[in-house]
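A.B. asks: Below you'll find the structure I mean.
The values are calculated or read from the model by the stated rules, or taken from the named source; none is laboratory data. Remember, predicted model here, so these are calculated numbers, not experimental data. Every residue, glycine as well, gets a Cβ built from its backbone with ideal geometry; the counts of neighbours run over all protein chains shown. Just the protein is used for accessible areas: all its heavy atoms, side chains included, with ligands, DNA and RNA removed. Shrake-Rupley method; radii C 1.70, N 1.55, O 1.52, S 1.80 Å.
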Amino acid sequence: MIKKHIPNALTCANLFFGCMAGVYAFNGDLKTVAFFTLVSGVFDFFDGFAARFLHVRSDIGRELDSLADVISFGFVPGIVLFKLLSLSLPGYWPYIGFIITVFSALRLAKFNIDTRQTEDFIGLNTPMNTFFVVSLPYLLDDFAWVSNPYFLVILSFLLSYLLVSEIRFFSMKFSKLSWQANKFKFTFLISAIVLLAVFNVAAVPLILLAYLVFSALHFKYQV
C-alpha cells in the first residue's frame, strides 16, 4: 500500500522546492532560484520514473504532477522574468514576464488531454523552458544584453509560443537502451554534458538549441 504513495510524495517534493524557488525569486536572489529549480526537476523526473517502475500510475498522480509543475515550472520562470524586466522597465511593464506562466499552464492542460503525448512532447516541455529562464541571471555579468528589455519581452513571447506549439520534442524516457533506437537522445545528452563542462551555466541556452535540433532530427529520421 505504501508504494502507491511514493510517486505522489516525490511530486509533492517537486512542489515544495518550487515554492522555495519562488520565495528566493521574489526576494531577488535569482541565482539561488536555479538551485531549487534543479532540485524540483530531479523530483519531477523521478516521480514519473517511480510510477512506471512501481506500476502505480493514477489519474490523481497525473493531475497532481501538473499542478506542481504550474508552480515549479510555470510561476517560477514568470517571477524570474518579472524581476529581470524590473531592472529596466517601470510601472506595469515587467508583468509581461508572467505571460510565460499563463502559457505554461496552457501547455500543461494540453498535455493532460492530448493522447499524442504519451511518449514524447508536442510543444516545449515546461522544465526545459524553466531551466533556460533561470539560467539567465547567471549570464548577466558576462552578457549585459541579457537584461535588455526588448530581448526579454521578445523572449517571453517566443518561449510562450514554443510551449503551446505543434513542434515535436523527444522526452528523456527510454523504452529500451539500444544506441540505434536512441542515438539522437544519447547524442543530445553527451552534447549537453560537454557543453556544461566547457561553458558552465552559460551552456544552458546552447543546450536548449541542441534540444530543438536533435528533436527535429529524431522525428525526421526515426519516426
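A.B. asks: Measure off, as a whole percent, the carbon and sulfur share of the 1.4 Å-probe accessible area of segment 71-223, all protein chains present.
C.D. replies: In segment 71-223, the share of accessible area belonging to carbon and sulfur is 71 percent.
A.B. asks: Let me ask something else about it. Nearest 10 degrees, 0 to 90: what angle lies between the long axis of helix 76-86 and the longest principal axis of the chain (Cα atoms)?
C.D. replies: 10 degrees
A.B. asks: Just to make sure I understand: if all protein chains stay in place, what is the order of Lys3, Lys183 by accessible area at 1.4 Å, largest first?
C.D. replies: Lys3, Lys183
A.B. asks: Now for a different question. I'd like the Karplus ³J(HN,Hα) series for segment 61-73: coefficients 6.51, -1.76, 1.60, θ = phi - 60°, whole numbers in Hz, and an x wherever there's a Gly or Pro.
C.D. replies: Along segment 61-73, the couplings run x, 5, 5, 4, 4, 5, 5, 5, 5, 4, 7, 5, 10 Hz.
A.B. asks: Given the options Gly74, Gly18, Gly61, which has the most mean-square fluctuation in a GNM of the chain, springs set between C-alpha atoms less than 10 angstrom apart?
C.D. replies: Taking springs between Cα atoms under 10 Å, the residue moving most is Gly61.
A.B. asks: Excluding residues on the same chain fewer than 8 positions from Lys183, give the lysines whose Cα lies under 24 Å from its Cα.
C.D. replies: Cross-link targets: Lys173, Lys220.
A.B. asks: Averaged per residue, what accessible area in Å² does the chain show with a 1.4 Å probe, protein chains only?
C.D. replies: Per-residue accessible area for the chain comes out at 53 Å².
A.B. asks: How much FRET efficiency would the formula 1/(1 + (r/R0)^6) give for Tyr150 and Val194, where r is the Cβ-Cβ distance and R0 is 35 Å, rounded to 0.05?
C.D. replies: For R0 = 35 Å, the calculated efficiency reads 0.65.
A.B. asks: Ok, one more. Spelling out what I want: for every residue of segment 129-145, take phi, set θ = phi - 60°, compute 6.51 cos²θ - 1.76 cosθ + 1.60 (Karplus), and round to whole Hz; glycine and proline get x.
C.D. replies: For segment 129-145, the Karplus-derived couplings read 4, 5, 4, 5, 5, 6, 7, 4, x, 6, 8, 4, 5, 9, 10, 4, 5 Hz, x marking Gly and Pro.
A.B. asks: What is the spin-label model distance, in nm, from Lys31 to Ser86 if the labels are put 7 Å beyond Cα along the C-beta direction?
C.D. replies: 1.9 nm
A.B. asks: Enumerate the amide H contacts of Ser171 below 5 Å, restricted to partners 5 or more residues apart or on another chain; note that Pro and chain-start residues carry no placed amide H.
C.D. replies: Phe121
A.B. asks: Work out from phi, with θ = phi - 60° and the Karplus expression 6.51 cos²θ - 1.76 cosθ + 1.60, the ³J(HN,Hα) of each residue of segment 98-114, listed in order in whole Hz, and give x for Gly and Pro.
C.D. replies: Once θ is set to phi - 60°, the couplings for segment 98-114 become 7, 4, 5, 5, 4, 6, 5, 5, 4, 4, 5, 5, 4, 4, 5, 10, 8 Hz.
A.B. asks: Then there is this: Taking amide H positions as placed 1.01 Å from N in the peptide plane, with prolines and chain starts having none, which residues 5 or more places from Ser165, or on another chain, fall under 5 Å of its amide H?
C.D. replies: So Ser165 has HN proximity to Leu124.
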